[in-house]
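*Asks:* Before I ask anything, here is the structure I am working with.
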Amino acid sequence: MVLSGPEINALVGSWLWPLFRVGGMVMTAPVFGTRSVPPRVRLMLALAITLVVAPLLPPGPQLPLGSPLMLFLLAQQVLIGVLMGFAVQLVFAAVITGGHTVAMQMGLGFSMMVDPQNGQQAPVLSQFYVLMIILVYLALNGHLVLIEVLVDSFRTLPIGPSGLQAESFRQVVGWGSHIFAGGLALALPAVASLLLVNLAFGIMTRAAPQLNLFAIGFPVTMMIGFALVLITLPGVIPQAGSLFNQIFHLLTRILGGGG
């Protein structure tokens, strides 16, 4: 079998275009793109998804291999995939922010460990919330929804010179405010209750200055904080689910799939 130059370009392009977009998403998406997942495993996962997805996609542009336009489009596909994975990571950043706020109010700000999502130091309580949200994310099939949005993006945002517009990046940056709003919503019940506890200790100190506030207040605040975490934990799951729904709707709008 003899293949001509255009046929080879078309064959290579039909697999190369989706591979770069899928690879960009896998390298930055939650669960797939964590530091604990070796790069070889991520590469194999990107290849496996591409092998399944590529036959279902419309034909891509036929460009000479190594041409400047081809390199530009490949970089554009990587950017689209990275944007999708980064957008979902914002939900996990909101959870980390909420857990960090509660930990600081409880006096657990000194208890740090490595975050498996990004390899940075974070309070242990934040890691507890993150692990729980990862389980919620997998239970809601969030990873499958993300792959579905990725596959639909090849239809709604086909491979071409246009790509993403500047407004798309502004929307993602604007949604970054949910890191603080969502984190505050997760932490607000516990923080408000701990504020009342600290206020009560302040009144006790004024009424009985001989009391050692550090010896009494620190363990009491920590125990009450753990009790508040246990009480408010059922409300974290629906809030995280709401954040996931919002970010997937945002990605659908950005990628041209409508509301």
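Bear in mind these aren't lab numbers, they're just calculated from the coordinates by the rules spelled out. Just so it is clear, the structure is predicted and the values come from calculations on it, not from any experiment. FYI the Cβ positions are ideal-geometry reconstructions off the backbone, even for glycines, and counts take in every protein chain you see.
*Asks:* When the residues of region 153-168 are narrowed to those that are among the small types (Gly, Ala, Ser), touching a residue at least 24 places away in the same chain (Cβ under 8 Å) and part of a helix (DSSP H, G or I), which ends up nearest to Leu19 (Cα to Cα)?
*Replies:* Here is the first cut: in region 153-168, the residues among the small types (Gly, Ala, Ser) are 153, 160, 162-163, 166, 168.
Among the residues that remain, those that are also touching a residue at least 24 places away in the same chain (Cβ under 8 Å) are: 153, 160, 163, 168.
Keeping just the survivors that are part of a helix (DSSP H, G or I) gives 153, 168.
Working: Ser153: 13, Ser168: 22 Å.
Filtering region 153-168 for residues that are among the small types (Gly, Ala, Ser), touching a residue at least 24 places away in the same chain (Cβ under 8 Å) and part of a helix (DSSP H, G or I), the one nearest to Leu19 (Cα to Cα) comes out as Ser153.
*Asks:* While we're on this one: For Gly225, indicate whether it is touching a Leu at 6+ places or on another chain (Cβ under 9 Å), touching a residue at least 24 places away in the same chain (Cβ under 8 Å) and part of a loop (DSSP other than H, G, I, E, B). Spell out how you get there, then give the answer.
*Replies:* On the way: touching a Leu at 6+ places or on another chain (Cβ under 9 Å): yes; touching a residue at least 24 places away in the same chain (Cβ under 8 Å): yes; part of a loop (DSSP other than H, G, I, E, B): no.
Judged against the criteria, Gly225 is not a match.
*Asks:* Moving on. In region 21-34, how many residues are among the hydrophobic types (A, V, I, L, M, F, W, C), outside any loop (DSSP other than H, G, I, E, B) and either buried (at least 22 other Cβ atoms within 10 Å of the Cβ) or touching a Ser or Thr at 6+ places or on another chain (Cβ under 6 Å) (or both)?
*Replies:* Residues meeting the conditions: 3.
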